[in-house]
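Novice: Below: one structure in structure tokens.
Read-outs throughout are calculated quantities, based only on the coordinates presented, and are distinct from any laboratory measurement. Keep in mind it's a predicted model, so treat the numbers as computed, not measured. Please note: Cβ atoms are built from the backbone with ideal geometry, for glycine as well, and neighbour counts cover all protein chains shown.
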Amino acid sequence: MACRVINKRQHVGLQQLSLFAETGRTFLGPVKSSKFVTGGDCHESVLISSTVRLLESLDLTSTVGQLLYEAVQAQNNTYRTGTSTLLFLVGAWSRAAEECLHLGVPIPVIAAVMSEGLDSCREEVAFLQVPVHNVFDCVHNSRTISGLETPHVGSCPFLQAPSGAGGIPKEHDFKHAASQLLTVYSLSGRPVKLPEFFNLPVKVEAGKEASQGLKSSVHTDTCSRKSVLTHSRHFNRTNNSLWISKQDGFLEQYSAATPKTYRCCDLVELAVGLSHGDLGTMKLVEAAVQLQYHKACVQQGNCTVPFMFDVSRVFTCCLPGLPETLSCVCSGYVTVVPIASITLIEGLENQPLRVVLIEGDLVESYHHLGFNESTNIKTVLDSVELQGDSSEELWTNYVLQVLTQFNVNLILVQGNVSEPLTEKCGHNKRLVVGSVGSSVMQAFAEAVGAVPVTYVSQVNADCVGSGVSVTFWRTPLEVVGRSSGMPILLKTEGINLITAVLTHSVPAQMQAKEDRFWTCAYRLHYALEDEKVFLGGGAVEFLCLSHLQILAEQSLSKGDHPSLGWLPNTSCWLASSLPAYRPTVLKCLAGGWHRYLSALMCNSATCPSELAARTFIEHHVQNATASGSPSAYILNEYSKLNSGIFNAGFSDKLEQVPRVYDIVTPKMEAWRRALDLVLLVLKTDSEVITGLGHAQMNSQEVGGLLFL
Amino acid sequence: MSRLEAKKPSLCKSEPLTSDTVRATLSVLKGVLTSCYGPSGRLKQLHNGLGGYVCTTSQSSALLSNLSVTHPALKILTTSVQNHVSCFSDCGLFTAILCCNLIENAQKTDLTPTTVIKLNKHLLSLCTNYLKSEACGCRIPVDFSSTQILLCLVRSILRSKPACMLIRKEVDHISALILRAFLLTIPENTEDHIILGKSIIVPLKGQKVTDSTVLPGILIEMSEVQLMRMLPIKKSSALKVALFCTSLSGDFSDTGEGTLVVSYRMSLENAALDQLLNLGRQLISDHVDLVLCQKVIHPSLKQFLSIHHVIAIDRVGVALMEPLSKVTGTQPIGSIGSISPSSYGIVKELCTAKFGSKHFFHLIPNEATICSLLLCNRNDTAWDELKLTCQTALHVLQLTIKEPWALLGGGCTETHLAAFIRYKARNEPESILTDDGCTQAELQLVAEAFCSALLSLAGSLEHDGGEIVTDIKYGHFWSIQGDCPSVVNWPDLLSRCGCGLYSSQEELSWSFLRSSCHPFAPQSCLPHETVGPDSNLTLDCLTAKLSGLQVAVETANLILDLSYVIEDKN
């Protein structure tokens, strides 16, 4: 066993943390630059555009690296978003903690003041929360108003709109909506308008991502192709707001039909605000939410139960190699079957299918989990009479017999399927689909009344569901050139399952596209679950920064601030010396926010240089702290956006600038996790390597190690 | 042809403690342990050097189980501390550091080990008698009619584990939960003796700490799919339960040795399944409502049961078997032959619950002394530390119910005890020395070594360059900034003593630990009123600390007594 001291004024652990975190700097904010990660040995490279993927491909064998990886994974597994924020703040705050160490602040004081400082920030940012309520009301009303108009997706204007439209309402509608929302959003007591804060994501949406959004189309579940409205990328870039005013597709149509529909833009507005520059992907997510909502309404008649966006019933199907315009959201299950099954599908089209759901593998040797096969049982043949058929064939015949008996022509299998069986079933006009997700199985079980079974021998009349239809997702001609398979759509009346078909012409981008889809989906999910969002675009972080500055100044002038900075042992001398160190630590913590904001601005290219960004932030922090109430300042500046205080160069047409929102819980958790990690490393003074003796180390490594 | 290899001779080392390497390793070990001690102790990252899980901890149980020490003397030390921790959960670092200090200090004196050992024993019994006596000035009675002292006890434990990464609110939340969980394990109708129930800690990692909660009864984790498939529970009355500890998966893993030859036309699996279905029929005819299985239930049997409206829950796991059997009053069924009706039990209610991303079956028994503590923390390593800490706290509460006293924490007991020993050794040496040939001078030397071991243990609470002073009235522990000027206004510089009982404004006088002041009899003025509703004392478990003290002194004596280490080189 060996022991290494890692903390002597220069904290190696903190340095490593900030080093690792630096790699993810460009993933912060709406404009993410992709990275190539190349393996040193075999020259394999991966295209990466998210923090999680980055850390997955980095070699983080050091203890600190491992802890960082675990923290990012924990955030990702719980919330699926906020990892870039987490990574960046880990870096920013480990630098802040290191600064404190250099200034001679004792470690417990740094830990105490930083965690209570962040806690205070978390309380303060509640001022910037925007409640999200009844975003579906208008959707629901419109459905009832429109009466018998196809109560399907068709009634959802967003899905019918020409692609790319609908994100932003027309100017007068927006004004109308904004005035409606005034009372809701004015948290400081006086009515304020809340246009964009920092304009960071706006340019992105308008310039780069909008064209993507325009290109990708959102289709209805009928899978008919709509005409696609395409704008020139350059055209958009030269005039940032042009596309917005051009998008009068759905709203005009819609408002003409039902006058009181401006509230409909609530969900749209929320989605746009949460898209963080990825409008195209968010459109898909929003379409999925709308679809799910309508399903829920149809099923429940009158939505008495509050609708929740159930992410577990959304599924992705990635089709690399197809143009991005084909991305869409469908009700039902889209999966890829081998090209050889085309004739089979053609035969099964236009007829209701009877379905059996098999959990586990559909192979002869499969046993359920927990079944331990004995090694000492030997089967012998009594005579030669049965040698004709192998047991595999016997089993295949048996399965077919059962399927025929219950007239089953679709088998959904969660695991693998035996090749010969698939073939034989194909000859018998029965389709077997393997590797079906468990939530898909569950959705089918609910919709068609099938009961999932583990073995074919369990199948009885009650297990079989009926009424599933199969179609090609696109006509075979449209997806021609894909040698890997043919996408098909399985659906049934009232199935609570949505597949987002994601396509990308560059296969290397497929993973990133899928990741982006889930990020957007979870963002919207948490916004709806929390029933509140933050004003985004850096407003929250700016408030934290100004709040900490004020706290630091207060504790300088007023001295003790009893609520801030708590040591586990209050009788320790550190507790009484804490007030002396508090301003220093708070300023360092605020410095972390400062770095965050300037990185955000630099990444979004709103500022030519880091220096400019810092000056800009500094200026506004001064104003905010001078005003006494930073939250009020921010809310006010939102309304003063017209005069271009935050927003040089956006002096006109600001009303059209969509708001940017941030999700509440995942964001605040990411902060806390980041700080927890930094403090965990800060409080650590040595690493103990178990199971190491002198002999196992070469002489270079022994330096600095103590042996027991 | 067999070959005989000559055995290597055993290696015999005399006076192992005099060797420099042993002293050096002992001081490294002591350094590692000392730096972890107390609320502002530093953490250690434990890992195997090859990547993978990193444990960040400052707890003795986690540290010592991962430290592989080589020298036998150190092994004695770590083993006896681990043994103490497994019995009492708390005060592991206290024991280990005190033991190291005692060995080091004994080596500094010129006395023979025998004398030191003899006198150490006397001093130990002096201490234990004092701590157990009514006259003891550093303990307070635990009042079970209010939560105040109990909460202080739990809070002190939580605060002394910085790797849990809790802020104040979270400490308060978790200590309230721990106390509630403990209270739920106390049976309502007490007869002659109480049998305490059990708190099961259910992991819920990745969630906020404040999402943690306590529920009466047992939580069994299940998948979301299982939840969807679960039949609506119709019955309003109690459910009849069968609990299986054998596998119902229909396999034949216990065929014994040798090979079993089976004819091609025979299907063992079908035979096993038939047997299972027969079992199912019996369960249905016995009107069982709920079947719980430690291992796996065959899907066909599950299907069969669900058709007959019997809820089947499998893969419960071995850890839950004992509490399940206790709560429901079932005899775990170990065979799939016939079931005696007496093995069935009763559960009052079964419902489902969702916490974070996990789904659970929630079994609510009739009379519960079993509860589930659903514990959340943001990351794995902090969760593991928090779990250990909660277990320690629950254990300490159990120990406290047996011996309803708490020692003053924060170093005050150590300094108080040192003052007491010093005073006794100087003023009443004859009460310690009982005619076994030790002189008073020897007693003075050993008592000084003993006291300085205690004081330097208390001093180990300081990690940031501060200094320790004691008052010369109560002998309590006070912490002070390191480089303070010599002439100071003490009351302004100090705030409260380590345990929080006394304030510096109470007209006390202080002296540095390192300066030798005149021995005084520490007063045991314990105004019970000071333990008011908002007082915030740091307390330690009496039972655990007493045992720690004993283990430390006895282990130190044992190690000091080592005269040879004989190593078998073969």
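Novice: When a/c reaches 1.5 or more, the comparison of a/b and b/c decides; with that in mind, is the stretch B:218-367 rounded, prolate or oblate per its Cα gyration tensor?
Specialist: Working: a/c = 1.82, a/b = 1.69, b/c = 1.08.
Because a/c hits 1.5 or more and a/b exceeds b/c, the stretch B:218-367 counts as prolate.
Novice: Evaluate the distance, in nm, between pseudo-label points positioned 7 Å from the Cα of A:T38 and of B:E134 along their respective Cα→Cβ axes.
Specialist: Those two pseudo-labels are separated by 8.4 nm.
Novice: Also: Going by alpha carbons, how many degrees (0 to 90, nearest 10) lie between the helix axis of B:542-560 and the longest principal axis of chain B?
Specialist: 70 degrees
Novice: Now, a different point. If you stretched the chain out fully between B:W490 and B:Q282, how much longer would it get, using 0.36 nm times the residue separation minus the C-alpha to C-alpha distance? Kindly include the intermediate steps, with their values, before the conclusion.
Specialist: Working: separation 208, 0.36 × 208 = 74.88 nm, distance 8.00 nm.
Taking B:W490 through B:Q282 to full extension adds about 66.9 nm, to one decimal.
Novice: Would you work out the charge dipole size for the stretch B:218-367 about its Cα centre, treating the Cβ of every Lys and Arg as +1 and the Cβ of every Asp and Glu as -1, and quote it to the nearest 20 debye? Provide the component values of the computation, followed by the final result.
Specialist: Numbers: 13 positive and 13 negative charges, 97 e Å.
Rounded to the nearest 20 debye, it is 460 debye.
Novice: How many lysine pairs in the stretch B:218-367, separated by 8 or more positions in sequence or lying on different chains, have Cα atoms less than 14 Å apart? Don't jump to the answer; show the numbers that get you there.
Specialist: Numbers: B:K234/B:K348; B:K235/B:K348; B:K240/B:K348; B:K326/B:K348.
Final tally of qualifying lysine pairs is 4.
Novice: A:N623 to A:D59: extension gain in nm, 0.36 nm per residue of separation minus the Cα-Cα distance? Spell out each step's value before the answer.
Specialist: On the way: separation 564, 0.36 × 564 = 203.04 nm, distance 4.42 nm.
In short, 198.6 nm is gained.
Novice: Also, I was wondering about something else. Which net charge results for the neighbourhood of B:E554, defined as the other residues with beta-carbon distances under 11 angstrom from its beta-carbon, given Lys and Arg at +1 and Asp and Glu at -1? Please report the intermediate quantities before stating the final value.
Specialist: Working: positive: B:K121; negative: B:D561.
Every neighbour counted, the sum reads 0.
Novice: Still on this model: Quick one: if the Förster radius is 30 Å, what FRET efficiency do A:S505 and A:T665 give, using the C-beta to C-beta distance and rounding to 0.05? If you can, show how the numbers build up before the last one.
Specialist: Details: r = 36 Å, r/R0 = 1.20.
Rounded to the nearest 0.05, the efficiency is 0.25.
Novice: Say R0 is 41 Å: what FRET efficiency, to the nearest 0.05, do B:L4 and B:K75 get from their beta-carbon distance? Kindly include the intermediate steps, with their values, before the conclusion.
Specialist: Working: r = 32 Å, r/R0 = 0.78.
With R0 = 41 Å, the Cβ-Cβ based efficiency is 0.80.
Novice: A follow-up question, please. Sequence-distant or interchain residues sharing an amide H contact under 5 Å with B:S212, placed H: which?
Specialist: Counting only residues 5 or more places away or on other chains, the set is B:C376.
Novice: Within a Cβ distance under 10 Å of A:I107, other residues only, what is the Lys/Arg minus Asp/Glu net charge? Can you show the working numbers first?
Specialist: On the way: positive: A:K683, B:R42; negative: A:D685, B:D464.
Counting the neighbours of A:I107, the net charge comes to 0.
Novice: Further, regarding this structure: Peptide A:328-338: average number of partner chain Cβ atoms within 10 Å per residue?
Specialist: Details: counts 0, 0, 0, 0, 0, 0, 0, 0, 0, 0, 0.
Shielding by partners across A:328-338 averages 0.
Novice: Measuring from label point to label point, each 7 Å out along Cα→Cβ, what is the A:E22 to B:L227 span in nm?
Specialist: 4.4 nm
Novice: Students often check this: by mean Cβ neighbours within 10 Å, which of B:96-102, A:323-329, A:550-556 ranks highest, and how do the rest follow?
Specialist: Values: B:96-102: 26.9, A:323-329: 20.9, A:550-556: 19.0.
Result, highest mean Cβ count within 10 Å first: B:96-102, A:323-329, A:550-556.
Novice: Let me ask you something else. Stick to the Cα atoms of chain B, pair each with every other, and give me the Kirkwood hydrodynamic radius in Å at one decimal. The partial results should precede the final answer.
Specialist: Details: mean 1/r = 0.0365 Å⁻¹.
When all Cα pairs of chain B are included, the Kirkwood radius is 27.4 Å.
Novice: Quick check: from the Cα gyration tensor, does the stretch B:126-171 come out rounded (a/c under 1.5), prolate or oblate? Don't skip to the end; give the middle numbers.
Specialist: Numbers: a/c = 4.84, a/b = 1.85, b/c = 2.62.
Cα axes put the stretch B:126-171 in the oblate bin.
Novice: For A:K424, which aspartates and glutamates qualify as cross-link partners when the Cα separation must be under 15 Å and same-chain residues fewer than eight apart are set aside?
Specialist: The qualifying aspartates and glutamates are A:E364, A:E392, A:E393.
Novice: Can you sort A:T375, A:T63 by how many other beta carbons sit within 10 Å, fewest first? Write down the numbers at each step before the final one.
Specialist: On the way: A:T375 9, A:T63 26.
Ranked by crowding around the Cβ, least crowded first: A:T375, A:T63.
Novice: For chain B, take the longest principal axis of its alpha carbons; what is the angle in degrees between that and the long axis of helix B:380-402, to the nearest 10 within 0 to 90?
Specialist: Taking Cα atoms only, the helix is inclined about 80 degrees.
Novice: Would you mind telling me the antiparallel percentage of the DSSP bridges in chain B, rounded to 5? Walk me through the numbers before you get to the answer.
Specialist: Working: 40 of 57 bridges.
Bridges in chain B that DSSP calls antiparallel: roughly 70 percent.
Novice: Residues of the stretch B:407-423 with backbone nitrogen within less than 18 Å of a virtual label 7 Å along the Cα-to-Cβ line of B:E506, please, listed as ranges.
Specialist: B:407-420
Novice: Using amide H atoms built in the peptide plane, which far-off residues or other-chain residues are under 5 Å from A:S466 H to H?
Specialist: Residues meeting the criterion, in which the H sits 1.01 Å from N, are A:V355.
Novice: Let me ask another. Along the Cα-to-C-beta direction of B:T21, a point sits 7 Å from the Cα; which residues of the stretch B:548-570 have their amide N less than 17 Å from that point?
Specialist: Residues B:564-570 qualify, since their backbone N sits under 17 Å from the label point.
Novice: Using DSSP, restrict attention to beta bridges with both residues in the stretch B:218-367 and report what percent are antiparallel, rounded to the nearest 5. Show your work: numbers first, answer last.
Specialist: Values: 15 of 24 bridges.
If we restrict to bridges inside the stretch B:218-367, about 60 percent are antiparallel.
Novice: Also, quick follow-up: Could you work out how far helix B:20-36 tilts from the main Cα principal axis of chain B, as a 0 to 90 degree angle to the nearest 10?
Specialist: Relative to chain B, helix B:20-36 is tipped by roughly 70 degrees.
Novice: Can I ask one more? Give me a single rounded figure for B:269-280: the average over its residues of other chain Cβ atoms within 10 Å of their Cβ.
Specialist: On the way: counts 5, 1, 0, 1, 2, 0, 0, 0, 0, 0, 0, 0.
So the per-residue partner count for this stretch is 1.
Novice: Something else: Excluding the sites themselves, what is the longest stretch of chain B that contains no chymotrypsin sites (Phe, Trp or Tyr not before Pro) in a DSSP loop with at most 15 other C-beta atoms within 10 Å?
Specialist: On the way: sites that count: B:Y53, B:F144, B:Y264.
Longest run free of exposed loop sites: B:265-570.
Novice: How high is the FRET efficiency between A:Q299 and A:L611 when r is their beta carbon distance and R₀ equals 51 Å, given to the nearest 0.05?
Specialist: For R0 = 51 Å, the calculated efficiency reads 0.35.
Novice: Same structure again: Is the C-alpha gyration tensor of the stretch B:317-387 telling us rounded, prolate or oblate? Criteria: a/c under 1.5 is rounded; beyond that, a/b larger than b/c is prolate, otherwise oblate. Could the numbers behind the result be given before it?
Specialist: Numbers: a/c = 2.56, a/b = 2.04, b/c = 1.25.
Prolate.
Novice: Under a plain spin-label model, where a point goes 7 Å from the Cα along Cα-to-Cβ, how far apart in nm are B:D568 and A:H133?
Specialist: Using points 7 Å along Cα→Cβ, the separation is 7.9 nm.
Novice: If you don't mind, there's one more thing I want to ask. In peptide B:63-71, how many Cβ atoms from other protein chains are near each Cβ within 10 Å, on average?
Specialist: Numbers: counts 1, 0, 1, 5, 5, 7, 3, 5, 1.
Mean partner shielding for this stretch: 3.
Novice: Test of understanding: ordering A:F88, A:F616 by Cβ neighbours within 10 Å, fewest first, what list do you get? Don't skip to the end; give the middle numbers.
Specialist: Numbers: A:F88 25, A:F616 18.
Sorted ascending by nearby Cβ count, the order is A:F616, A:F88.
Novice: Still on this structure: Positive end of the charge dipole of the stretch A:1-92 (Lys, Arg +1 and Asp, Glu -1 on Cβ, about the Cα centre): tell me which of A:L17, A:Q66, A:V52 has its Cα farthest that way.
Specialist: Final value for the positive-end residue is A:L17.
Novice: Contour minus end-to-end for A:Y366 and A:A580, with contour as 0.36 nm per residue of separation and end-to-end as the Cα-Cα distance? Please list the in-between numbers first.
Specialist: Details: separation 214, 0.36 × 214 = 77.04 nm, distance 6.88 nm.
Residue separation times 0.36 nm, minus the Cα-Cα distance, leaves 70.2 nm.
Novice: Which far-off residues, 5 or more places away or on another chain, put their amide H under 5 Å from the one on A:C318, with H placed in the peptide plane?
Specialist: A:L502
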